Every structure is written in structure tokens, then in C-alpha cells.
1. Just to confirm the filter: which GluC sites (Glu not before Pro) across segment 157-216 are DSSP coil and have at most 12 other Cβ within 10 angstrom of their Cβ?
2. Principal axis extents for segment 316-381, Cα atoms only, whole Å, descending order, please.
3. Which number comes out as Rg/Rh for segment 228-341 once both Rg and the Kirkwood Rh are worked out on C-alpha atoms?
4. Explain nothing, just the number: relative contact order of segment 245-404, from Cα pairs under 8 Å at least 6 residues apart, as a whole percent.
5. For segment 273-278, just list the computed ³J(HN,Hα) in residue order, Karplus coefficients 6.51, -1.76 and 1.60, θ = phi - 60°, integers in Hz, with x standing in for Gly and Pro.
6. Go ahead and run the numbers for FRET between R334 and S141, Cβ-Cβ distance against an R0 of 60 Å, rounding to 0.05.
7. Check which residues have an amide H placed less than 5 Å from G381's amide H, if you skip close sequence neighbours.
8. For a bin width of 20 Å, list the pair-distance distribution of segment 142-443 built from all Cα-Cα distances, rounded to whole %.
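Since every read-out is calculated from the coordinates, none of them should be taken as a lab result. These figures come from a predicted structure and were not determined experimentally. Here the Cβ positions follow ideal geometry from the backbone for every residue, glycine too, while neighbour counts run over all protein chains shown.
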Amino acid sequence: MSVTESSSINIKPRILYQVAKAAWEGNLFERRQEICQMVYKEAKDPENRRYIANQIRLAMGLEPHESEEVFSIYDKEVLMGLSESQDSCPLAVITQDEYKKEEIDQTKCTDTGQCFSTCSFGVLGEKAQFVPLLKLLKEQSAPVYASVAPAFAGQFGTAVTAGRLRSALLKLGFADMVETALYADIITMKEAFEFDEHVQTENDFMITSCCCPVWIKLIENKFPELVSHISPSVSPMIASARIIKALEPAAKVVFIGPCVAKKSEAQLPELKGAVDYVLTFQELSDIFEAAKIDPAEQPDEENPAASWCGRVYGHTGGVSSAVGATLARLVPRRSQGFKPLQVDGVIACQNLLEKIKNGENINANFIEGMACKGGCVGGPGRIIDPNNAAREVDAYASSAPAHTPVENAKIYALLNQLGHSTEPITLTGHSPIAAILAREITK
Ligand code: SF4
């Protein structure tokens, strides 16, 4: 297919498709000039050319720069798959100064990724990671696992069930697909125990740390006095990768979800090494298209693992509902006193944290924040409308083999595999599993 085909769709997906196709076919370096022609075919003025040039660079895993030329002499190794990426800061721009030089105020950035789709400079953007990933999948030099976020339901079309998505990923070269929701189940149990331990009086409250790295970053950067209330747990994404690697050290893990901020979370110094690559749903869709794999036509071979609780993490309120339902099973006497409050959208998150900081009565003791409106179904790497996606998430959750992690036999099997066969399960304190699930929060 030439670069001008499919011209009815937006430029960014077309660039991603062309780069994914060349990477999948192993000729990205050879086809680089052909792909670069998009700059001149699609735009006449320097600003738009620079935008397109930088979108091509980001799709190839290169840093954006200030030229309408796509490549510099330093890019060759990345394009040939000899190097995974460049080392400098992935985010560069939010304003232009009088000399047309772009600037970003990192102190204001929370990494939601929502600005990427609207930045008119094309320089502010997230780097795609699929060039080295596709090379790894083709070489089969290590087992590569896909940890797929709970918000996947409905994203690839209503015909694409979990089983069909799994088959499509196996066809792409993945060793298997796991539900990140299974690991959300484990974190749910941990947070239920933590609630029991730490929320003892009327004045105590707990802030869930579960899914959203932007929520945590907001608290760390702007509300340091609230940091001690955050649950010291890793996200389900990190938990999935750490547990997969604890069981199979040679494995590589790719997180697939609607979130751009997860790309930053995976690179945080205290979490680095767990997740190897992060793809958005949109990027995976482009890869399927490039590889001519239609998930809707694959065999439906689901390997269900997570409970209803883990699967509803995909939308706002999911974490609170999950921890509430699990607390009711684990420590029923505490259930009455569980008072959750959910908030979504960065501004609403900030306003709520301001109230808590000022000592206002919020009549809640379990606080859940999601940076995207509607929760992860509203993430910038989504494909479908967030409201439809929330309905799909609920429908998939209702088909779960267990309601809470407490009745989920897969949890006990997994913990047994990790060498934790004793009852009751201890996920807090100093057990080895607690160490896998623990995260140091920056104070
Ligand atoms: S709400 Fe979900 S998609 Fe949005 S930034 Fe947080 S983790 Fe990412």
C-alpha cells in the first residue's frame, strides 16, 4: 500500500499504520524515504511539515526535533532496530517562544497524554514503542506476554471477545495474553487489608494508589502532605509484569491499554524493569492492520482469569466497588464503615485534593482518583466512545467466573505458584508477595 492510500483517515493513524507495516515486514530502514514523502505530500507550509515530520519520528520511536526533515544522522541505529530508543526526555513542548522555540513547563505536566492529540506543533507527543517490539516478536528470542488492561472490552469491535483478542495476539507472536484484571484482583485484596489496618478512627482515610499514575503524580507533586495516606501498592500493570517475571524470569511483558501515562509509569526509576513495552489500543489496532490480522476472525479461545472486581477497574468507581465488595468478604465487620468517594478528570481530582488538604469534610474514607473523564475508558489511547466502553466493561465483568478475588480460584493458584500456600493470605507486611506488590511513594 502506498502512503497516499486510506487518505480519508487522519494523518496520525496513517503514519502509525505505515511505520507498523514497515516494522512488521522488517524493512523500516529501507522504506524510510518513502515514508518521509508523507511530509511533502500532506503539507505545504513549514509548520505542518514539521508536525508531520515529528509524528513520523514519534511513530518510529525517535525524539521529536525542530526540523521539517524527518531524520538526523543519529537515527540510523534506531531505524535498523539496533537500538531501542534515544535517551533524552520524551516530552518537549507546550508553548513556542519568540524565536519559535518550543518549551514545556515540566512542573505543570501530569503526563495524562490528553494534550498529545491536540498539540498543534506535533512535537508534543508520545513515542510509539512498536518498532523494537515487533522485532522481538518476530525473532522469538524471549517469551513475550501481553498484559491487557480491563478497558479493552469493545475497543476492537463488538465481535472481538477476549478469546479472539487472545488468538490475534498469539498470531502476532505473543506467548500468551493475560488479563491485567487478574492482578487488579490481587491489589484489591491488598487494599482491602490495608483499609482494615489503617482506617481505624473517624479521622482516618486512605487514598487508593491502584491504577492511575497521573493521580499519584498529582499528589506527589502538589499535595505532599497527603502522600502518607496513599496505599503503598504498585499498579495492576506493574503487579502483572513483576509476577510474570517472578515465575518466568526470561519473559518480556507488554502492557496494552488506553493510557499514554503508563509509558512514563513503566520508566519510573522505582518501577523500571517490570514492563518492557507499553502499547495503546490504537497502536495495537494499527499493528493488527499492518500484519493483516483481523481479531474478529480469530478463534474464540478465552482463558478467563479475573473476577468481576478486577474487570470493573476499567471505569471510574471500579476500584472503590472492587475494594468495597472484597472488604465485605474478607473483613465483614468493617464493611459498614467503608465510605468511598470517586473523582475523575484532572481538574476535579485537583479540587478534591485541595478540599482534603484544607480539612473540609468530604464524608469519605476511601478516595479514588482517575485523571481521565470516565476513568481508563476515557484514556487518550482508546478507540471507542467512553460511555460505550464503560458499558462493554460492565458486560464483560458480569461474565466473570467469580465476583470478588476472594472466590477466584485463579488467585490462589497464582499465589501457590509464587510459593504462598498458607492461609490466611498475607499481602501486606513483609512477606515475599508483599514485596512484589509494594511501591515506595515519593514524599
Ligand atoms: S485514568 Fe486510566 S487512562 Fe487515564 S491517565 Fe489514569 S490510568 Fe491512564
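1. Details: sites: E179, E191, E194, E197, E202; in loops: E202.
For GluC sites (Glu not before Pro) across segment 157-216 that sit outside H, G, I, E and B with at most 12 neighbouring Cβ atoms in 10 Å, the list reads E202.
2. Principal extents (largest minus smallest coordinate, Cα): 37, 33, 10 Å.
3. Across segment 228-341, the Cα-based Rg/Rh ratio is 1.03.
4. On the way: 217 pairs, mean separation 45.9, N = 160.
It comes to 29 percent, rounded to a whole number.
5. x, 7, 9, 8, 9, 10
6. Values: r = 48 Å, r/R0 = 0.81.
Between R334 and S141 the formula returns 0.80.
7. So G381 has HN proximity to C259, V260.
8. Whole-percent P(r) values from 0 Å outward: 36, 58, 6.
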